[in-house]
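Beneath this line is the structure, given in structure tokens, with notes to follow.
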Amino acid sequence: MNTETTTTHTTTTDLAELAKIVEAVALHASTDRTRYALTGIYITPENITATDSYTLAQWTPAEPITTGQPALIDARELTTALKNLNKAAAKTPATATLTTTGQTWQLTATSGETTIGSYNGQTINAEHPNTKQLLNDTKPATTPFEPTGFNADYLERITKAHNKLAKNTPLVMATWAGPNKPLIYTTTNYAGQLLTLIMPQRINQ
């Protein structure tokens, strides 16, 4: 008899902190429902990642996010759940527990022995783009090259994400080693680092 094995893993963290992190990363997920795989936030033991193929955001925590298998969760569903739970907590210190299997996820918020609320849903049955190699190959240029522009909407996303995570610290920008490579933005706070890449628009002079 064949028995299907389901792996379950759980992430537990501060509710307010998780809400800010997920909301910042989710700004870079696609809102186009026909691009199903890009509407999700990809959670692995090392990172939380989202991309709409024009911008890419990756959060690397100071402490591991989980020890389990990767999960792709709809960005809109997860951010809505976190916002509602955070509101229900009414600024009371609370813990968020995110449990996922291969097919489902559940988010529960607790304060002490009291359960604030719980949300659950299906994980996205799709393959998230492999962004690991792109991010590993990031090499900032040591000197500026020709004038470069960027889409103002993408810059707004980056500043919004930065202000959610580290409003009073610098947002660091660097150019990659070439005029046709992404611009690199880095936000750092006590809980980890957000790396964002956007494609430049060359300016003809």
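The values are calculated or read from the model by the stated rules, or taken from the named source; none is laboratory data. In this text, all values refer to a predicted model and were calculated from it rather than measured experimentally. Cβ: placed from backbone, ideal geometry, glycine included. Neighbour counts: every protein chain shown. Calculation scope for accessible area: heavy atoms of the full protein, side chains included, ligands and nucleic acids excluded. Shrake-Rupley method; radii C 1.70, N 1.55, O 1.52, S 1.80 Å.
General remarks:
- When residues of segment 84-94 are limited to those that are in contact with a helix residue (DSSP H, G or I) (Cβ under 9 Å, 6 or more places away or on another chain) and either modelled with pLDDT of 95 or more or surrounded by 15 or more Cβ atoms within 10 Å (Cβ to Cβ) (or both), the one farthest from residue 43 (Cα to Cα): 89
- Among the candidates 44, 60, 97, residue that is over 22 Å from residue 187 (Cα atoms) and either surrounded by 15 or more Cβ atoms within 10 Å (Cβ to Cβ) or of a type in the set (Phe, Trp, Tyr) (or both): 97
- Residues of segment 12-58 classified as among the hydroxyl-bearing types (Ser, Thr, Tyr) and out of contact with any helix residue (DSSP H, G or I) (no Cβ under 8 Å at 6 or more places or on another chain), total: 6
- Within segment 130-152, the set of residues being modelled with pLDDT of 70 or more, surrounded by 14 or more Cβ atoms within 10 Å (Cβ to Cβ) and within 17 Å of the chain's Cα centre (by Cα) comprises just one member, 131.
- Of all residues making up segment 17-37, the number that are farther than 18 Å from residue 188 by Cβ and either crowded, with 23+ Cβ neighbours inside 10 Å or under 10 Å from the mean Cα position of the chain (by Cα) (or both): 3
- The residue that is nearest to residue 38 (Cα to Cα), among those in segment 106-117 that are of a type in the set (Ser, Thr, Tyr) and either open to solvent by less than 60 Å² (accessible area, probe 1.4 Å) or in a loop (DSSP other than H, G, I, E, B) (or both), is 108.
- Test: residue in segment 44-52 that is more than 15 Å from residue 17 (Cα to Cα), in contact (Cβ under 8 Å) with a residue 24 or more places away in the chain and touching a Lys or Arg at 6+ places or on another chain (Cβ under 7 Å): no
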